[in-house]
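Here the structure comes first, spelled out in structure tokens, and everything after it is commentary.
The values are calculated or read from the model by the stated rules, or taken from the named source; none is laboratory data. Just so we're clear, the structure is a prediction, and the values are computed from it rather than from any experiment. Neighbour counts are summed over all protein chains in view; Cβ atoms, including those assigned to glycine, are modelled from backbone coordinates with ideal geometry.
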Amino acid sequence: MYKKRTSRKWKPGFSLVELIAAVSAALVLILGIGIMLAHSQQGFNRMYKRVHSSVVEDAYSTRRTFDRVVRKATTQRCDLAPDGSELYVYYYRDPTHYDPTDPSTLTPDSYARFYVETGGKELFVEYGGNSSGRVRLARDVQMSASNGPLFSARGRTVYMALPLDNGKETMFVTSSAVRHNK
């Protein structure tokens, strides 16, 4: 009637222990990749905010304007405030009209004044002469005695050291430019 089996045949498939081990390994791998992706996304967001903050934009535009204006300035004259908070550079409106034999063309006819408004935290450049006007270069300028002067000059080179801080990001912008025109 009933037959007793003497040998046990293995059915194809995985045992419960093998399934648990494989699922555990896969979960550890997926969890590690998920944590890595979350940290890289946070790092990307942090760098994006830092790169596109007002401090970085102000630093870039200030450095570019400072270099452009000082490089076209004359080597004859550069005026600094005693505390280094203000800089005047002089230049020729049209350098092609410079003639060393004509005394009327020996004096620069335009100037650029870099300054921080009194009690303010904004850096401006003011153009005088024929092309007059005023442009704000940077907000959030941190003026303090520990920072030292904003502007200095040595020979034909003019230096700018500008601390910027908007409460979230802090940057110290330094630039130097050589006055090229006679």
Report task. Return a yes/no flag: does segment 119-141 have any residue that is within 27 Å of the chain's Cα centre (by Cα), modelled with pLDDT under 70, in a strand (DSSP E or B) and more than 13 Å from Thr62 (Cβ to Cβ). Result -> yes
Report summary line: If we keep only residues of segment 24-56 that are within 12 Å of Glu169 (Cβ to Cβ) and either over 22 Å from the mean Cα position of the chain (by Cα) or of a type in the set (Gly, Ala, Ser) (or both), then the residue surrounded by the most Cβ atoms within 10 Å (Cβ to Cβ) is Ser53
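Here's the yes/no breakdown for (1) within 17 Å of Pro149 (Cα to Cα); (2) in contact with a strand residue (DSSP E or B) (Cβ under 7 Å, 6 or more places away or on another chain); (3) assigned by TED's automatic domain parsing to the domain that holds Val125:
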{"residue": "Arg46", "(1), (2), (3)": "no, no, no"}
{"residue": "Arg64", "(1), (2), (3)": "no, no, yes"}
{"residue": "Arg68", "(1), (2), (3)": "no, no, yes"}
{"residue": "Arg71", "(1), (2), (3)": "no, yes, yes"}
{"residue": "Arg77", "(1), (2), (3)": "no, yes, yes"}
{"residue": "Leu80", "(1), (2), (3)": "yes, yes, yes"}
{"residue": "Gly84", "(1), (2), (3)": "yes, yes, yes"}
{"residue": "Leu87", "(1), (2), (3)": "yes, yes, yes"}
{"residue": "Tyr90", "(1), (2), (3)": "no, yes, yes"}
Query raised in the report: How many of the residues making up segment 34-71 are part of a helix (DSSP H, G or I) and over 30 Å from Tyr91 (Cβ atoms)?
Result: 18
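For segment 101-118: of the residues being at pLDDT below 70 and assigned to a loop (DSSP other than H, G, I, E, B), which is surrounded by the fewest Cβ atoms within 10 Å (Cβ to Cβ)?
Within segment 101-118, the match that is surrounded by the fewest Cβ atoms within 10 Å (Cβ to Cβ) is Thr118.
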